[in-house]
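A short write-up of the structure that comes next.
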Amino acid sequence: MRYMLMLFEQDTDWDAVPEAERTAALDEHAAFIAYLNSRGIEHYGAALRPSTTATTLRPAGPDRDMLVTDGPYVELKENLAGFYIVEAADLDDAVEIARHCPTGTGTEIRPLWDATS
Amino acid sequence: MGRDELTDAVADAHRRGWGRVLATVVRVTRDLDAAEDAVQEAFAAALELWPDQGVPADTTAWLTTVARNRALDALRRERTLARKLPLLIVPGDDAPADVEPIEDERLRLIFTCCHPALALPARVALTLRLVCGVPTPDVARLFLVTQPTMAARLTRAKKKIQAAGIPYRVPAAHELPDRLPAALAVVSLLLTEGHTASRGDSLRRPELVRTATELAEVLAELMPDEAEVLGLLATVRLAAARSAARLDTEGGLMPLSAQDRSLWDPALIEDGCALAGRAMRRSSPGRAGPYALHAAIAAVHSEAPSYEATDWTQVVALYDLLLAVAPSPVTALARAAAWSHVAGPAAALDEVTALAADPRLHGYYGVPAVRADLLRRLGRNAEAAASFAEAAASTANDVERSYLLARAADPAL
């Protein structure tokens, strides 16, 4: 089964973070990716720019264009900062994988809907 | 065969077999709803066929065969239909199902229903429905919600198991510290509710106690070295040992202080205290878990020759340990009640007054009940009567209410 690991943390502008801290964070993710590779787990992932850079489209009403607004869909203290999609045997395995994954304030695990099954 | 005889036979088969049959059939269907339907049909078949064929010697085996066949038929019929949910993940399913001991089969079901990725109310509801075979309307009644609400909750929980890929398996030893509390909480909730029903005209709900007992026994059989499992089973045994003394001949409540201890079952006390001792010895020093500590408290009460001669200092010390590992206002209240026998009712009354400010205890009948007892011992009978009346108004259990009302009428009773 495939799962998305959604990594939440307080908004961070990684460009503005001191280099040593940024390198340390990247190293943690490199270690996680090494773990995934050592287990032969298929994966994909990306880090997101902070939610202050987000743009949200909302339906403005029937027969009207979508409304373009500044900011994330939901304003939270912590935001989605990055994600991985991993192949895991089951939820227990996905939890085990997520334990190895660096995270800020929490990791949400969601199964992907497989339209082909 | 008479109608009653048949009903009894099916009820007995249901009680003993439901969980085992379902646990086995789930491996065939790999779909919880389909398995439930098949088991339901097998019981319907029993009602239809047993009057003529007679009750089979091994009802569980008979029901398993019928349910499995019904499930396979249904699978063949529905093979062409689009599947909405992914199948249940059954790790290590290469081994033939017949080889594995049947208890392990049920344990898989317990650990799947008690997965920490499910909320506690969902876990309890699923365990009652799938492991114990309690009909959905009865589960709804237990939770004080309507039947459609409970049906929706069960559906959501079953859907999550399959959609999120909660595996159908017994956790490995190294996973148990994470997984066990979620399962023990379910058994404990059943035991608490069975011991003193939160509402209704009976003090106890024996069917829930029986279910909790069976679950605790299965867990202890499979994990004989787990301190917390032993603690839970000890609590089950000690509650059973004392249950006969909890009601007087007219069905009225007898509090611990007034119980005729000669009615306690000495064999169960011995067994329970031995289990409680093992639970404490198996705990890391100074770090006993909540179930071992609850058992230890029950053991101190069970070994006391009388209420007055109870080792209250020891009870308070155990409550302090319990509050350190599992803080709870209800435990703090119980500690205050025990403390009153060490420091006197006046000191304990101050503590109860402070605790009553905790919003989590608002409306909990235990607060005025404990306060009433302390006031009575202080000779403040009018206030005691008012508190007993307040406690009576806050419980929905008829037996408890009658007792509290009697005390309100005569606090010195």
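The values are calculated or read from the model by the stated rules, or taken from the named source; none is laboratory data. These numbers were taken from a predicted model, which means no experiment stands behind them. Heads up, the Cβs are rebuilt from the backbone with ideal geometry, glycines too, and the neighbour counts pull from every protein chain shown.
Observations on the model:
- Unmet criterion (only one of (1) small (Gly, Ala, Ser); (2) at pLDDT below 90; (3) out of contact with any helix residue (DSSP H, G or I) (no Cβ under 9 Å at 6 or more places or on another chain)) for B:Ala74: (3)
- Qualifying position, being touching a helix residue (DSSP H, G or I) at 6+ places or on another chain (Cβ under 6 Å) and not assigned by TED's automatic domain parsing to the domain that holds B:Leu219, among B:Ala356, B:Ala346, B:Ala386, B:Ala317: B:Ala356
- Residue satisfying condition, being touching a Pro at 6+ places or on another chain (Cβ under 6 Å) and either closer than 18 Å to B:Arg282 by Cα or surrounded by fewer than 22 Cβ atoms within 10 Å (Cβ to Cβ) (or both), within set B:Ala220, B:Ala182, B:Ala227: B:Ala182
- Meets criteria (at pLDDT 95 or above, assigned to a helix (DSSP H, G or I) and not basic (Lys, Arg)) for B:Leu189: no
- Within the range B:142-179, tally of residues that are among the β-branched types (Val, Ile, Thr) and part of a helix (DSSP H, G or I): 3
- The set of residues from the range A:73-95 being assigned to a loop (DSSP other than H, G, I, E, B) and buried (at least 20 other Cβ atoms within 10 Å of the Cβ) comprises A:Ala88, A:Asp90.
- Qualifying residues in the range B:371-411 (those that are part of a helix (DSSP H, G or I) and of a type in the set (S, T, N, Q)) - the one nearest to B:Asp201 (Cα to Cα): B:Ser402
- Residue selected from the range A:96-114 under the condition surrounded by 14 or more Cβ atoms within 10 Å (Cβ to Cβ) and of a type in the set (A, V, I, L, M, F, W, C), by the criterion farthest from the other protein chains (Cβ to nearest Cβ): A:Cys101
- Cβ pairs under 7 Å, 6+ apart, first in the range A:70-95 and more than 14 Å from chain B (Cβ to nearest Cβ), second among the small types (Gly, Ala, Ser) and assigned to a loop (DSSP other than H, G, I, E, B): A:Gly71/A:Ala54; A:Pro72/A:Ala54; A:Glu78/A:Gly104; A:Ala81/A:Gly104
- Any hit, the range A:2-10, residues being within 14 Å of chain B (Cβ to nearest Cβ) and over 14 Å from the mean Cα position of the chain (by Cα): yes
- Residue pairs whose Cβ atoms lie under 8 Å apart, sitting 6 or more positions apart in sequence or on different chains, and linking a residue in the range B:159-177 that is more than 21 Å from A:Trp113 (Cβ to Cβ) and at the interface with chain A (Cβ under 9 Å from one of its Cβ atoms) to a partner that is surrounded by 15 or more Cβ atoms within 10 Å (Cβ to Cβ) and hydroxyl-bearing (Ser, Thr, Tyr), are B:Arg169/B:Thr112.
- One residue from B:Thr64, B:Thr7 being under 24 Å from B:Leu215 (Cβ atoms) and assigned to a helix (DSSP H, G or I): B:Thr64
- Residue match in the range B:145-153 (condition: within 24 Å of A:Asp93 (Cα to Cα) and without any contact (Cβ under 8 Å) to a residue 40 or more places away in the chain): no
- Test: A:Thr107 is among the β-branched types (Val, Ile, Thr), touching a residue at least 12 places away in the same chain (Cβ under 8 Å) and touching a Lys or Arg at 6+ places or on another chain (Cβ under 8 Å): no
- Being within 25 Å of B:Ala292 (Cα to Cα), hydroxyl-bearing (Ser, Thr, Tyr) and either within 14 Å of chain A (Cβ to nearest Cβ) or surrounded by 22 or more Cβ atoms within 10 Å (Cβ to Cβ) (or both) holds for only one residue in B:Thr196, B:Thr211, and it is B:Thr211.
- Members of the range B:228-260 found to be among the aliphatic types (A, V, I, L, M) and either in the same structural domain as B:Glu193 (by TED's automatic domain parsing) or assigned to a loop (DSSP other than H, G, I, E, B) (or both), listed by number: B:Met254
- The set of residues in the range A:13-72 being surrounded by 11 or more Cβ atoms within 10 Å (Cβ to Cβ) and basic (Lys, Arg) consists of A:Arg22, A:Arg39, A:Arg49.
- When the range B:121-159 is limited to residues that are of a type in the set (Lys, Arg) and in contact with a helix residue (DSSP H, G or I) (Cβ under 8 Å, 6 or more places away or on another chain), the one that is nearest to B:Leu32 (Cα to Cα) turns out to be B:Lys158.
- Listed by position, the helices (runs of 4 or more DSSP H) enclosed by the range B:261-331 that each have at least 1 residues that are touching a Phe, Trp or Tyr at 6+ places or on another chain (Cβ under 6 Å) are B:312-325.
- Filtered residue count, the range B:278-301, keeping only those that are of a type in the set (Ser, Thr, Tyr) and in contact (Cβ under 8 Å) with a residue 24 or more places away in the chain: 2
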